[in-house]
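Heads up: the structure comes next, in structure tokens.
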Amino acid sequence: MVQNMKKTFVFIFSIAFYCSAFGQINNYWPHPFAFPKCNTMSAPTNCTKVALGGDWDAAGSWSPSGMPGNNDIVCIPTGITINIKGSTYSADAACPASNPANTPRLKIFVCGTLQFFNSGKLSLACFSFIQVYSGGIIAPPTSGSGSSDLIQIGSSIVWGGPGSGNQPPVIGPYILSFPYIGAGVLPVAFDYFKAVQKQPYSIQLDWSTLQEVNNTDFIIERSNDQITWNSIGSVKSAITSYSRNIYMFNDNSPLAGYNYYRIKQVDLDGRTSFSEVVRVTNQVIKNISIFPNPVHATAQLYSKNNFKTGQSIQIVDAQGSRVKTITASGKNSMQIDMSFLLPGLYLVQLIENGAILENVSLIKQ
């Protein structure tokens with residue numbers, strides 16, 4: 001009975017490993033267009049929605065017709081006013097948003113006027129931002145307290161909100177994003193930022209920018225609690241660019257459990273801003289691991305440290321019988337042929353001087 005309980009535990013552990021060890025939250029928002037300017041706002045050249053004037057939620061206020069939706073690049077040209085009346089979209093603190101149709105991710109460029117009315121609310125998904133250019137304005141209500149009027153991006157209110165009284169207008173150049181809010185033009189516009197665990201002891205970070213202005217470096221920061229952040233590396237930027245640039249960084253020593261990542265960009269003048277945060281759950285805590293698991297034909301065996309001379313790999317079936325022994329080779333990974341195994345549950349053991357250093361379970365399909 002004890003032996004059966006051990007087998008059941010190993011099997012449950014294997015399934016849990018397969019389902020969750022490589023889980024991740026991916027933030028991804030591609031778009032091929034360069035940033036619009038006040039004299040270049042046209043669809044589909046560099047805007048997907050161009051304001052014609054009127055209420056935000058009226059289809060006829062936009063060209064092409066229809067209210068802006070997820071991933072749109074929204075342009076409000078000089079001399080055009082768009083009104084925000086009541087709640088526009090639904091607030092959603094999740095990143096990415098639970099329902100992008102209800103809480104879209106937008107890039108909004110204002111050269112005209114974004115006019116708020118009493119109780120007007122504009123709720124957007126994380127990674128959204130509003131760039132107000134010179135001559136552009138975000139205007140509070142002309143009468144009333146305006147204390148309920150707000151712009152929310154993800155979980156953060158970036159303008160207005162209860163208790164703020166009469167809202168001050170936002171006069172360009174100004175940026176409303178999270179976490180950067182302030183005067184000027186957005187130094188770096190992140191197109192996407194995603195994190196994927198493609199193998200047990202490495203997490204790959206990919207990000208892209210649509211614009212970089214006087215940007216010197218991208219510093220990769222990691223945390224296990226989103227309170228204390230540590231730099232784990234850096235990547236040189238394009239400095240100044242108005243076209244898409246793609247970057248990648250590998251974290252080869254991820255923490256056990258939650259790994260939170262953000263990108264810190266540094267300007268030539270020392271000013272900094274951050275990307276949104278992405279998370280990967282790393283549950284690979286043993287010194288060896290197998291991927292993929294379950295396996296069909298071949299699998300890659302990874303070691304947290306390099307394999308040593310004299311070490312071997314032993315495959316043991318569910319009855320405890322050894323079915324194969326392989327001499328360990330390679331630096332920290334090696335490919336193993338599993339095609340000869342019958343479907344079922346196995347243990348893969350790292351052996352050194354006759355002693356078992358580590359056991360990992362394997363499911364053969």
Cα-based reach from Lys304 at 14 Å (exclusive), listing aspartates and glutamates while leaving out same-chain residues under 8 positions away: Asp251, Glu358
Report the dimensions of the stretch 49-183 along its three principal axes from the alpha-carbon atoms, largest first, rounded to Å. 32, 31, 26
Computed lengthening from Ser63 to Ser119, 0.36 nm per intervening residue step minus Cα-Cα distance: 17.6 nm
In nm, to one decimal, how far is the Asn71 label point from the Gln319 one, both placed 7 Å along Cα→Cβ? 5.4 nm
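Tell me, Lys198, Lys364, Lys49 in order of fewest to most beta-carbon neighbours within 10 Å? Could you put the intermediate results ahead of the total?
On the way: Lys198 11, Lys364 20, Lys49 23.
Listing Lys198, Lys364, Lys49 from fewest to most nearby Cβ atoms yields Lys198, Lys364, Lys49.
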So which lysines pass the test for Lys236, namely a Cα distance under 22 Å, with those fewer than 8 places away in the same chain ruled out? Lys194, Lys264
Using a 7 Å offset from the Cα along the Cα-to-Cβ direction at both Leu357 and Gln335, what is the distance between the two label points in nm, to one decimal? 2.3 nm
Cα centroid separation - the stretch 203-224 against the stretch 280-329, whole Å: 34 Å
Which value in nm describes the separation of the simple spin-label points at Ser231 and Arg271, placed 7 Å from the Cα toward the beta carbon? 2.0 nm
Under a Cβ-Cβ cut-off of 13 Å, what is the net charge of the residues other than Asn287 that fall near it, where Lys and Arg count +1 and Asp and Glu count -1? +1
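Taken together, the values in this text are just the output of simple stated rules run on the coordinates, not laboratory data. All figures in this text were calculated on a predicted structure; none of them were measured in a lab. In this analysis, Cβ positions are derived from the backbone assuming ideal geometry, glycine residues included, and neighbour counts consider all displayed protein chains.
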